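Worksheet for the structure shown next.
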């Protein structure tokens, strides 16, 4: 197969070079979105791809694959037949079986590999191990690849850089960069010296992971250990630098290639050119083309011009792409319809339909007939700017030139009609599809359905969906939800429910989002009967095994709290929480009840919140305390704060001071000041802060659990002590001072007490 590809004259020369057996050992992909570097099989170790393709058609291989397809219903008889076939298979045929299984599922191929290796008087040949590793290197199944590598080491089978490279690629695809690079250490411990093959794979792994600097460091280490960098190594580094938008460094890398005697190839230059095309830096592209001619002796051919045209047109730079097309034609390169179509598509995306029509006319005059893709692009372009008559004329022009419009062309026209509010006309054209010999697709029906929905014709939109289902097409859950939401917005939740159930009965997948939308539609109306419908829908959703999401919880909590149906809400939450936990469910209930002014119901639920005593619970308690204060109920706020202290939660200090001040104003002298005393008793000086500060002091508070007068306070002070004292004064307002000092005498304490008195406080 590889040999046929490399000899195929229709394949671009750059791709044939990359597929050449001598370069497969470390060939990176030639595009800017470079792929993996795969190690190449040596010609003397493995059969040619053509031979393996022949084995895939053999009867033994086909019978083995047929039995493996029945593995879900395996019996002892079938396993005996498979065992009999296994003993007759040659190593190339086993490889063919593994490859056939890996096309469907690599795990199935690995399971057959393990099963066969455990059979009596059978052992896999080395090339079978290599084939299994190569198949796993294309997947993220790094653990099976590691197990195969360990089995090879345990059995003493030959191992080279190719096998370790396959393991490295498996780790890389799984996103395990560190494990991938540790394969190099494992290889060295195994006594296998690194070569350019494994080094190129390592460089590519680092580049794909976005670690360009590490890749550069690794390339430098390659030079130090005597492994010369080849053109594939440089191409990987250039690809990584361009991906990191370090275009100057990428150009310098090309210069260093020339200095080190490694001539860049077309891949090296085009990797940089593709990035410059994306940034619309056409002048630099032309400069790089000139450097390519002068420095490397590489002249742009038809393949490179096609790539430049496609790269510029893809990113919307139609004028620049057209200039390169003219330049290639001036050099007598033939541009096919694909290149013209790319430019036409770019003009149509920018709304420049006159230039697009000129390109179409030019194609026809030069004998390059536009295909249906080119015409469909132009039709879609006219529909985008609202020129439907021009789109119809272009479709007639297609018929004249012997090009029949396909489903994409008709869908583009229907989409244009729907955008200008002519969905009914689009619906008529859709119903005439059989007369005009074209088959609508699911996208065609979706276009008309969304057109009716945008116009507010929801009944017609539902009819389109029903006809769509009759034709065997299924709308997505997003499309169903958009229509359900539109019905609920029109206050028709019953119709939305019926539509959802009809879709489900026809085989459509209905998810939790669809149920949540209908539940929201019923509950927002607020009637008792509608709330019962919403409750029944929630229970129906749970019975079908659909787990509620946070959006479902928020919707139910908001609407039930708004209507004051707290008991029904609690019963419903109990059922929902048994299916899917939601830690902040009761927090949201209390907060919503506070927002709607239902504080007594919120206070009754406080015990459900204080079970966990988390920061989120403290926030909920603060909202409840603040709501009580705004209603002029400081005593209830005080009770909430006391319950927080009991659960080892620390309330907000400023909020507690506000509560104490309102308690004092309300005449609740028995409760006033107790919250601050609880702070002092806990010794939480960090939360309290310092109302007065003694210069030179260091915080080291001594909490006083009883009233203390000035004489007792002064007797506590001794030279060199690190002492603190809490002084509480009640009139005219509560003042708390945490004092700290070091090597301070009685005069310092006296000055502080005097400051308390000057502030209006009374020292007890």
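The values are calculated or read from the model by the stated rules, or taken from the named source; none is laboratory data. All figures in this text were calculated on a predicted structure; none of them were measured in a lab. Here the Cβ is made from the backbone with ideal geometry for all residues, glycine too, and neighbour counts use every protein chain on show.
Set side by side, the residues 47, 39, 92, 12 differ, and just one is surrounded by 15 or more Cβ atoms within 10 Å (Cβ to Cβ), at pLDDT 80 or above and out of contact with any strand residue (DSSP E or B) (no Cβ under 9 Å at 6 or more places or on another chain), which is 92.
Residues that are over 26 Å from residue 483 (Cβ atoms) and within 34 Å of the chain's Cα centre (by Cα) within region 393-451 comprise just one, 409.
Residue by residue, here is whether (1) crowded, with 16+ Cβ neighbours inside 10 Å; (2) within 14 Å of residue 273 (Cβ to Cβ) holds:
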site	(1), (2)
287	no, yes
291	yes, yes
310	yes, yes
317	yes, yes
333	yes, no
336	no, no
339	yes, no
342	yes, no
351	no, no
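Within the set 525, 467, the sole residue that is at negative phi, more than 34 Å from the chain's Cα centre (by Cα) and not in a helix (DSSP H, G or I) turns out to be 525. As for region 528-543, it holds no residue that is touching a helix residue (DSSP H, G or I) at 6+ places or on another chain (Cβ under 9 Å) and in a loop (DSSP other than H, G, I, E, B). Counting only helices (runs of 4 or more DSSP H) that fall entirely inside region 218-337 and contain at least 2 residues that are under 24 Å from residue 202 (Cα atoms) and touching a residue at least 60 places away in the same chain (Cβ under 8 Å), the qualifying elements are 231-243, 266-278.
The helices (runs of 4 or more DSSP H) located wholly in region 341-447 that include 1 or more residues which are free of Cβ contacts under 8 Å to residues at least 12 places away in the same chain and over 28 Å from residue 478 (Cα atoms) occupy 353-365, 388-400. Put simply, of 69, 127 the only residue that is modelled with pLDDT of 90 or more, surrounded by fewer than 19 Cβ atoms within 10 Å (Cβ to Cβ) and under 40 Å from the mean Cα position of the chain (by Cα) is 127.
Comparison of 215, 219, 193, 174 shows that the only residue that is within 26 Å of residue 129 (Cα to Cα), at pLDDT 90 or above and not assigned by TED's automatic domain parsing to the domain that holds residue 284 is 174. When you scan region 203-210, do you find a residue that is over 27 Å from residue 141 (Cβ atoms), touching a residue at least 12 places away in the same chain (Cβ under 8 Å) and either out of contact with any strand residue (DSSP E or B) (no Cβ under 7 Å at 6 or more places or on another chain) or loosely packed, with under 13 Cβ neighbours inside 10 Å (or both), even just one? Within region 203-210 (the criterion being over 27 Å from residue 141 (Cβ atoms), touching a residue at least 12 places away in the same chain (Cβ under 8 Å) and either out of contact with any strand residue (DSSP E or B) (no Cβ under 7 Å at 6 or more places or on another chain) or loosely packed, with under 13 Cβ neighbours inside 10 Å (or both)), the answer is no, since none of the residues qualifies. Based on what the data block shows, is residue 641 over 19 Å from residue 583 (Cα atoms), crowded, with 16+ Cβ neighbours inside 10 Å and more than 40 Å from the chain's Cα centre (by Cα)? Yes: the conditions hold for residue 641.
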